[in-house]
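Quick notes on the structure that follows.
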Amino acid sequence: MIRLLYLITRAEPGGAQVHLLELLRGFKDRAELHLGVGEDRDGFLIEEARALGVQVHILKHLLHPIRPHEDLLGLFEVASLLKRVNPHLLHAHSSKAGFLGRLAARALGVKSVYTAHGWAFTEGAPKGRRTLALAMERLAGRLSDRVIAVSRYDHDLALRHRVVPLEKLRVVPNGVPDTPLRAHPEAHPPRLVMVARFAPPKDHALLLRALSGLKGLPWTLDLVGEGPLLEEARRLAEELGLKGRVRFLGTRRDVAAVLAEAQVFVLTSNWEGLPLSVLEAMRAGLPVVATDVGGVGEAVVEGKTGFLVGRKDEAGLRERLCLLLENPALRASMGKAGRRRYEEAFTLERMLLETWRIYEEVLG
């Protein structure tokens, strides 16, 4: 049986963690699975992996911030884990785990795959972060046996910046498992929902400001997620006079049920890979309004399954939201089109099949 070691920096709820959890669920009967994870502050992924029978290894020096001394210890820690587990293949996720994991794997002669859930040097990310990430990825990209981009946008970005040779680069779009829960977009009054961490990649402030200009329309907004910018968003909602219309729901394990109660899904971001939340909204049959960053435009078909607006385009976002809030029939038609698009391109089964094929390709 193939022995696989997955490696990720954080265990907190997030797109990369949910993606990895689906790989563990999908492959638990086909391989011996191990999970190496750092920053054990939130047990989401750790709890779920252990419930599946996956052996979890906590790496205390595998940290998200750049700290040279800790990172060197983290490299040794990852190398030690590789020696103990002796996997046929290492599959790394997230930037720090991907960098240290690929260095250690190459040094020990272990095959490695890295999934880029949106590059850290993508457009919209802070300039200092982009410069450092580019240097790291140009080194690590040449050490990988394969690199998986979750969108065509990220594939092309990697080639443009020469971080991964073409022959090592593959595209496997994200996929999410189906659920019987469906939304009713035509229902009134409309409820909007955004599922996203309150962190720099997202732009909750843009959404709140856009909605502050639509107080004359009936709507409520649910914000699902936690993160360092949560209190800042709460204060802004109060300052804009939206406190009674916005609910902060925190982390939810029943996102599919929350989406089924909504009529419009919104995702305002500064940068993205291919966000799972958009795919989950399309699965539920919701129209999507999102900023056109990263691979978002590969999921949302402008004018058919929803609307795309520019980064920081408050007026454009307000206009598209107003159009959907005032038109139940448009919400319904876009929701149906989004559901069809999910079925055609973003199922979990397709993602698992294509990922396993890459494992076989690397292992021969």
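Would you mind telling me which numbered condition in (1) buried (at least 17 other Cβ atoms within 10 Å of the Cβ); (2) among the charged types (D, E, K, R); (3) over 30 Å from residue 330 (Cβ atoms); (4) in contact (Cβ under 8 Å) with a residue 24 or more places away in the chain residue 130 fails?
(4)
When region 39-74 is examined, which residues are found to be under 21 Å from residue 128 (Cα atoms) and touching a His at 6+ places or on another chain (Cβ under 6 Å)?
70
Let me confirm something: among 223, 274, which residue is in contact (Cβ under 8 Å) with a residue 24 or more places away in the chain, among the aliphatic types (A, V, I, L, M), over 19 Å from residue 321 (Cα atoms) and buried (at least 17 other Cβ atoms within 10 Å of the Cβ)?
Criteria check complete, one pass: 274.
Hey, does region 198-211 have a residue that's surrounded by fewer than 18 Cβ atoms within 10 Å (Cβ to Cβ), more than 23 Å from residue 316 (Cα to Cα) and touching a residue at least 40 places away in the same chain (Cβ under 8 Å)?
No, region 198-211 contains no residue that is surrounded by fewer than 18 Cβ atoms within 10 Å (Cβ to Cβ), more than 23 Å from residue 316 (Cα to Cα) and touching a residue at least 40 places away in the same chain (Cβ under 8 Å).
What are the residue pairs meeting all of these: first residue in region 159-175, first residue of a type in the set (Gly, Ala, Ser), second residue assigned to a loop (DSSP other than H, G, I, E, B) and surrounded by 19 or more Cβ atoms within 10 Å (Cβ to Cβ), Cβ atoms under 6 Å, and 6 or more apart or on different chains?
175/346
Tell me which residues, restricted to region 344-364, are touching a residue at least 40 places away in the same chain (Cβ under 8 Å) and surrounded by fewer than 16 Cβ atoms within 10 Å (Cβ to Cβ).
Scanning region 344-364 gives 345, 349, 350, 354, 361, 363.
Please find, within region 1-40, the residue that is surrounded by the fewest Cβ atoms within 10 Å (Cβ to Cβ) out of those that are of a type in the set (Val, Ile, Thr) and part of a strand (DSSP E or B).
Among residues in region 1-40 that are of a type in the set (Val, Ile, Thr) and part of a strand (DSSP E or B), the one surrounded by the fewest Cβ atoms within 10 Å (Cβ to Cβ) is 2.
In region 248-269, how many residues are loosely packed, with under 15 Cβ neighbours inside 10 Å and more than 20 Å from the chain's Cα centre (by Cα)?
1
Give me the residue from region 88-110 that is among the small types (Gly, Ala, Ser) and assigned to a helix (DSSP H, G or I) and, out of that set, surrounded by the fewest Cβ atoms within 10 Å (Cβ to Cβ).
It comes out as 107.
If I filter region 309-319 for residues that are within 29 Å of residue 121 (Cα to Cα), crowded, with 24+ Cβ neighbours inside 10 Å and out of contact with any helix residue (DSSP H, G or I) (no Cβ under 8 Å at 6 or more places or on another chain), do I get at least one hit?
no
Considering only residues of region 158-197 that are under 19 Å from the mean Cα position of the chain (by Cα) and among the basic types (Lys, Arg), which is surrounded by the most Cβ atoms within 10 Å (Cβ to Cβ)?
197
The conditions are (1) out of contact with any strand residue (DSSP E or B) (no Cβ under 7 Å at 6 or more places or on another chain); (2) at negative phi; (3) not aromatic (Phe, Trp, Tyr), and residue 250 fails exactly one of them. Which is it?
That leaves (2) as the condition not met.
Since every read-out is calculated from the coordinates, none of them should be taken as a lab result. Fair warning: this is a prediction, and the values are worked out from it, not measured in the lab. Reconstructed Cβ throughout: ideal geometry from the backbone, glycine too, with neighbour counts over all protein chains shown.
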